[in-house]
Every structure is written in C-alpha cells, then in structure tokens.
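The values are calculated or read from the model by the stated rules, or taken from the named source; none is laboratory data. Everything numeric here is computed off the predicted structure, so don't read it as measured data. Note that we place each Cβ from the backbone using ideal geometry, even for glycine, and neighbour counts take in every protein chain shown. With ligands, DNA and RNA removed, areas are computed over all heavy atoms of the protein, side chains included. Shrake-Rupley method; radii C 1.70, N 1.55, O 1.52, S 1.80 Å.
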Amino acid sequence: MSTTETVLLIILAVLVVLILGNIAFQVAAERKNPPIGDFIECDGVRLHYVERGDAGAPCVVLFHGNGTMIQDLILSGLVDRLAHNYRVICFDRPGFGYSARPRTRIWTPTTQASLFAQALDQLGVRNPVVLGHSWGTLVAIALALRSGYAVSGLVLVSGYYFPTSRMDFWLMSGPALPLFGDLMRYTISPIISWAIMPKLMRTLFAPRAIPPEFKNEFPISLTLRPKQLRAAAEESAFLIPAAAQLQRQYRDIQCPVRIVHGKDDRLIEASQSRRLHEALTRSLLQLVENAGHMVTYADPPGIADAVATLGSPHQ
C-alpha cells in the first residue's frame with residue numbers, strides 16, 4: 001500500500017469516527033433533553049411549541065432567535081411573566097429544538113411566517129401580539145405583513161433590520177452548503193461550535209454576566225446537533241438578504257410596534273432599531289441601559305410592559 005493510500009485510509013477512518021461520534025452525541029443530547037411541549041403538524045411540517053396561561057385570554061406569540069430554541073425564552077422569565085395575563089404560545093422555529101425543517105423549502109422569514117400563520121389558525125389564535133427576538137423579529141415582521149393574517153401588535157427585540165457589511169454572518173454559513181456543509185456538520189462543525197460557544201455566550205450577554213439559570217439549565221448540547229447547526233448556518237446566510245428584502249415593506253406594517261434593544265449590544269448594533277423606529281409610522285423605541293443582545297434577560301419586565309401596551313389582558 002502506497003503512502004498516499006495509507007493517508008487516505010487514515011483520513012477516511014477519522015471521518016467515519018467523527019460521523020459516528022456526532023450521531024451518538026445527537027442521540028445522547030436528545031435523550032437527556034426530551035421535548036418539553038406539544039407538537040402540531042402543519043403543511044407537512046412538525047412544529048414543537050409550548051403553551052402557557054389562560055386559553056381564553058388574549059394571545060402572545062413568541063419567536064426565538066437564530067441558534068436557540070424555546071428554552072431560551074422560558075429561562076429569560078418572559079414566558080411565565082406573560083402567562084399571568086395572556087395565553088402564551090412559544091414555538092421552536094423550523095430546524096431548532098424539536099421542530100422539523102424540510103430541505104425542500106428555503107426557510108426565509110416569509111416562508112416561516114406562512115407556516116406559522118397556518119399553525120396559529122389551527123390553534124385558534126386570532127389577532128395575537130407577536131414578539132420576536134433577534135432573527136425572530138424578521139419572522140414577526142413577515143407575519144404582520146401577511147394580508148391573510150392579522151396581528152394586533154409587534155414587539156421587536158434586538159433585531160437586525162437593514163443590510164450592512166457583516167463578514168461574520170457569512171463565515172457562520174458554511175455548514176449550510178450542500179454536500180460540503182453536510183460533511184462539516186457531521187464532522188468538525190460541532191467541535192468548532194463547542195470550542196467557540198463560551199466566547200459567543202459572553203458576547204451575547206455582555207456587558208452583563210451570563211445568568212446562572214441560562215448557564216445551568218439551557219440545553220447547549222441540543223444546539224450542537226448537526227441538524228440544528230444546518231438551520232443556524234442557513235439563517236446566518238439568509239439574514240442580510242432577508243433584511244434587504246423586508247426593508248422595502250416596513251412602511252406597510254399597519255399594527256403598532258414596540259422596539260426594544262440593548263444599548264450595549266455587541267452582536268447587532270442598537271442603530272438598527274433606531275433606523276427601524278424612524279422608518280415606521282406607529283412605533284415606540286426603548287433602548288435599555290447596561291444591556292446587550294440578550295436584553296430579554298436584562299429587562300423582562302420592560303419587555304412585558306411593551307406587550308401590555310399592545311394587548312390588554314382585560315379585552
């Protein structure tokens with residue numbers, strides 16, 4: 001056997017070990033962190049969601065950001081806080097947590113909004129307040145822009161609304177590439193993601209420390225599964241084009257909007273929210289001092305108050 005053949009066999013063996021190891025890791029992660037909510041089948045897609053509060057109260061729908069899942073918004077305290085006065089529905093968006101993300105569709109904010117409009121209709125939800133965090137703000141906006149589904153208001157938290165030059169988003173999109181990306185996701189991407197996770201978490205929560213409840217209870221292992229890494233990579237690739245497409249429609253938003261952003265956000269600059277506030281005709285802007293991208297943890301009472309201005313629990 002030649003040296004070249006030996007090297008190739010070693011590389012192949014390493015790849016096989018990594019692939020089998022990541023499959024085993026995914027199985028173990030899901031066994032340790034089973035679904036915490038219910039499932040609904042909608043347009044051929046299985047969606048995982050939790051519902052809290054009074055089923056007869058006005059509804060608030062929550063969409064999480066890129067790379068995360070339902071547990072993020074639960075651990076922030078927002079879900080339970082809002083459940084005192086509202087019917088609260090929080091989804092795993094397609095590809096995250098335990099929601100499916102079929103590869104037969106391109107999961108833009110508009111595609112996701114179409115799916116959620118149907119899911120909410122199946123759940124009997126009418127005129128909800130819709131709260132989106134980070135990437136979830138684009139889904140919330142796309143839902144509000146749909147002619148066939150009415151929302152009573154939007155709460156947009158830590159969002160990215162206008163295209164800028166962001167090489168970091170493109171660099172994170174590698175695992176979304178066909179074939180090569182699949183190989184990455186089942187070999188080195190989970191390892192790289194695990195290695196950079198501590199620094200990324202510090203950046204997201206800065207200037208504050210990572211809250212103990214997040215550090216101790218958030219299921220990080222679920223975010224490192226190959227299938228969730230694909231969803232996160234796709235959304236990194238879609239972010240700038242999605243913002244470029246939606247920005248032309250912001251003035252068509254008919255419902256009132258509350259915009260919340262941490263002044264010290266190190267991932268998405270607060271100027272994004274300032275620009276959106278200037279572009280909208282019915283918006284209020286709340287910039288939170290000493291808060292970063294995860295302002296959901298820094299000021300849940302303020303965000304809940306923003307919801308309350310849009311949907312009275314006594315209607």
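Restricting the stretch 125-151 to residues that are small (Gly, Ala, Ser) and modelled with pLDDT under 95, the residue that is farthest from residue 269 (Cα to Cα) is 148. Condition check for residue 235 on (1) surrounded by 20 or more Cβ atoms within 10 Å (Cβ to Cβ); (2) of a type outside the set (Phe, Trp, Tyr); (3) in contact with a strand residue (DSSP E or B) (Cβ under 9 Å, 6 or more places away or on another chain): one failure, at (3).
Of all the listed residues (298, 304), the sole one being open to solvent by 10 Å² or more (accessible area, probe 1.4 Å), over 19 Å from residue 61 (Cβ atoms), of a type in the set (Gly, Ala, Ser) and under 19 Å from the mean Cα position of the chain (by Cα) is 298.
The residue that is most open to solvent (accessible area, probe 1.4 Å), among those in the stretch 45-71 that are of a type outside the set (A, V, I, L, M, F, W, C), farther than 30 Å from residue 194 by Cα and out of contact with any Pro (no Cβ under 7 Å at 6 or more places or on another chain), is 54.
Selection of the stretch 72-98 for residues being surrounded by 22 or more Cβ atoms within 10 Å (Cβ to Cβ) and among the polar types (S, T, N, Q) yields only 76.
Residue check: is residue 248 among the basic types (Lys, Arg), closer than 19 Å to residue 71 by Cα and surrounded by fewer than 21 Cβ atoms within 10 Å (Cβ to Cβ)? So residue 248 fails the test. Among the helices (runs of 4 or more DSSP H) confined to the stretch 258-315, there are none with at least 3 residues that are β-branched (Val, Ile, Thr) and within 20 Å of residue 130 (Cβ to Cβ).
Against the condition at pLDDT below 95, of a type outside the set (D, E, K, R), open to solvent by less than 50 Å² (accessible area, probe 1.4 Å) and not in a loop (DSSP other than H, G, I, E, B), how does residue 29 come out, does it pass? Yes. Does residue 56 satisfy the condition of being touching a helix residue (DSSP H, G or I) at 6+ places or on another chain (Cβ under 9 Å) and either closer than 27 Å to residue 300 by Cβ or in contact (Cβ under 8 Å) with a residue 12 or more places away in the chain (or both)? It is false that residue 56 is touching a helix residue (DSSP H, G or I) at 6+ places or on another chain (Cβ under 9 Å) and either closer than 27 Å to residue 300 by Cβ or in contact (Cβ under 8 Å) with a residue 12 or more places away in the chain (or both). If the condition is being touching a His at 6+ places or on another chain (Cβ under 9 Å) and surrounded by fewer than 18 Cβ atoms within 10 Å (Cβ to Cβ), then the stretch 174-225 contributes only 203.
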